[in-house]
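K.L.:
Structure provided below as structure tokens; questions to follow.
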Amino acid sequence: MEISEKDIFDYVFYRETLQTDKLKYIDENYSLFTKEIEYYKSFHNSIDNEINEEMSNKFFAALSAGRTKVIELYPKQIELPQEDEQYRLAADSVYLTAKTGSQSFSDSKSTVLVKLLTKDNKTQIYVFSTVDKQLKNIKLTISPSNKTFSMENNKTFIEVPEALSVDGIQMTYEEVNDKK
């Protein structure tokens, strides 16, 4: 079964929206997804509790009036449990491998999370709402390159055919009240 980054995000944030077969598969194969699940759990735990329901409702009511929201996203450092370090000998590095990595960016209230996954000189860009809202007409401007990427909504991801260097992201979007 194919499990996407969004499926794992939903597994942590919105289990009730995840398809039953995917939920069961992740539960039964938890060890395959431990790092990713722990990452999103750490992010979920780091969200400021200052955003109460009334404040959140006012914020998103203003957005639902059809206005476009512009936010700045900054690198998000998430503390994860440390793994045992493995040593690599110089003899093991005869062949160069493609750069693999991930970066996360969040707004000041942690209501939006943008995750970039880079592998084999390709970057996948995921946009998540941590307050269970669907976002549409998304435009991401990457700093320092000022490259712009657009998404119809945050149900899918963008794949860029290069490894991106990202210091920050400016994001514009509209919100839809129903996430489904």
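K.L.:
Does T123 satisfy the criteria of being modelled with pLDDT of 90 or more, closer than 24 Å to I71 by Cβ, surrounded by 20 or more Cβ atoms within 10 Å (Cβ to Cβ) and not small (G, A, S)?
P.N.:
yes
K.L.:
Restricting attention to the stretch 134-154, does a residue exist that is touching a helix residue (DSSP H, G or I) at 6+ places or on another chain (Cβ under 8 Å) and at pLDDT below 90?
P.N.:
So far as the stretch 134-154 goes, no, none of its residues is touching a helix residue (DSSP H, G or I) at 6+ places or on another chain (Cβ under 8 Å) and at pLDDT below 90.
K.L.:
Please name all residue pairs, on different chains or six or more residues apart, with Cβ atoms under 7 Å, provided the first residue is in the stretch 22-41 and is within 18 Å of F128 (Cα to Cα) and the second residue is not hydrophobic (A, V, I, L, M, F, W, C).
P.N.:
I37/Y11; E38/P81
K.L.:
Then there's this: So, in the stretch 143-174, exactly how many residues are touching a strand residue (DSSP E or B) at 6+ places or on another chain (Cβ under 6 Å) and in a strand (DSSP E or B)?
P.N.:
17
K.L.:
Separate question: Looking only at residues in the stretch 157-174 that are without any contact (Cβ under 8 Å) to a residue 40 or more places away in the chain and of a type outside the set (A, V, I, L, M, F, W, C), which one is surrounded by the fewest Cβ atoms within 10 Å (Cβ to Cβ)?
P.N.:
E159
K.L.:
Within the stretch 90-108, is even one residue at pLDDT 90 or above, in a strand (DSSP E or B) and either exposed (fewer than 10 other Cβ atoms within 10 Å of the Cβ) or of a type in the set (A, V, I, L, M, F, W, C) (or both)?
P.N.:
The answer is yes; a qualifying residue exists.
K.L.:
So E38 passes all but one of these: (1) in contact with a Pro (Cβ under 8 Å, 6 or more places away or on another chain); (2) at pLDDT below 70; (3) acidic (D, E). Which condition number does it fail?
P.N.:
For E38, the failing item is (2).
K.L.:
Which number in (1) at pLDDT 90 or above; (2) in contact with an Asp or Glu (Cβ under 6 Å, 6 or more places away or on another chain) marks the one condition that L63 misses?
P.N.:
It fails just one condition, (1).
The values are calculated or read from the model by the stated rules, or taken from the named source; none is laboratory data. Since we're looking at a predicted model, the values are computed, not measured. Because the Cβ atoms are built from the backbone with ideal geometry, glycine has one as well, and the counts that use them run over all protein chains shown.
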